[in-house]
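This report refers to the structure that appears directly beneath it.
The values are calculated or read from the model by the stated rules, or taken from the named source; none is laboratory data. Not measured: the values here are computed from a predicted model. Cβ placement follows ideal geometry from the backbone for every residue including glycine, while neighbour counts extend to all protein chains displayed. Heads up: the accessible areas ignore ligands, DNA and RNA and are worked out on the full protein's heavy atoms, side chains in. Shrake-Rupley method; radii C 1.70, N 1.55, O 1.52, S 1.80 Å.
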Amino acid sequence: EIIVGDLGVNQFKKINFTWTPTELGYQDMKLVIDAPGDGNLENNVGYNSINVIVDAPDVSGYLTTYRAIVNQQNDIEAEIKNIGYRDATSVTARLYKLDRTWNGTDYVDENVVLVDEIIVGDLGVNQFKKINFTYTPTETGWQELKLVIDAPGDGNLENNVIYGGINVYVDAPDVSGYLNTRRAIVNQQNDIETSINNNGFRDATSVTAR
């Protein structure tokens, strides 16, 4: 609490509260002003949020590639950023393929295989770099990935492991379909609606449906 004192018409003062936060992340704050005789009490309470960060590097990242071609070398792009208060040095990033299973309490990493490792280097405060891992998937379908970032002196290790995934397709058309119509009238001609989709990496031509 701070005693602001008197304020003349159109006068303002800047004041500083002291606060020692104990948790990282955005925290909601409320400012309450008491002024005897104030003729408008609707603006005496103000709300805002403060982002609490560490006095150290805080490096995190995420994957930006979501599709790949089976049996070919693919670039898997990731963005690595230092959101901390100090420069980060000698940052490295590793990409893993894995299976995540639920054991009834938590998700567990299984069949973890290193895909690629990249030396990111140094990152200044609020600086980011885009990097490309190389990956040659051997199966089609959804595959789970894990991005792990190592930054010496990182003050927040909670965001150094990021999970994601990609859909792996064949380098060809991949046409599928399904029926939309659920009901028809007996002894009458009905329209049976379907949807035909090409989820592949190449155009499909002369497609027929029966």
inquiry  = Based on this model, can you work out whether residue 110 counts as in contact with a Ser or Thr (Cβ under 8 Å, 6 or more places away or on another chain), more than 27 Å from residue 55 (Cβ to Cβ) and loosely packed, with under 15 Cβ neighbours inside 10 Å?
reply    = yes
query = Which is closer than 30 Å to residue 142 by Cα and among the hydroxyl-bearing types (Ser, Thr, Tyr), of 60, 49?
reply = 60
query = Out of (1) among the acidic types (Asp, Glu); (2) outside any loop (DSSP other than H, G, I, E, B); (3) without any contact (Cβ under 8 Å) to a residue 12 or more places away in the chain, what's the single condition that is false for residue 77?
reply = (3)
message = Name the single residue that is surrounded by the most Cβ atoms within 10 Å (Cβ to Cβ) among those in segment 88-104 being free of Cβ contacts under 8 Å to residues at least 60 places away in the same chain and out of contact with any Leu (no Cβ under 7 Å at 6 or more places or on another chain).
response = 98
remark   = All-but-one check, residue 30 against (1) more than 27 Å from residue 164 (Cβ to Cβ); (2) in contact with a Gly (Cβ under 6 Å, 6 or more places away or on another chain), failing number (2)
message = Between 159, 167, 180, 199, which is under 26 Å from residue 114 (Cα atoms) and in contact with a Ser or Thr (Cβ under 8 Å, 6 or more places away or on another chain)?
response = 159
request  = Just give me the residues in segment 112-153 being of a type in the set (Asp, Glu) and under 28 Å from residue 101 (Cβ atoms), in sequence order.
outcome  = 116, 117, 139, 144, 150
request  = With a cut-off of at least 1 residues that are open to solvent by 70 Å² or more (accessible area, probe 1.4 Å) and among the basic types (Lys, Arg), name the strands (runs of 3 or more DSSP E) lying wholly within segment 22-72.
outcome  = 25-32, 67-69
request  = For segment 119-140, enumerate the residues that are open to solvent by 30 Å² or more (accessible area, probe 1.4 Å), part of a strand (DSSP E or B) and not aliphatic (A, V, I, L, M).
outcome  = 122, 128, 129, 130, 132, 134
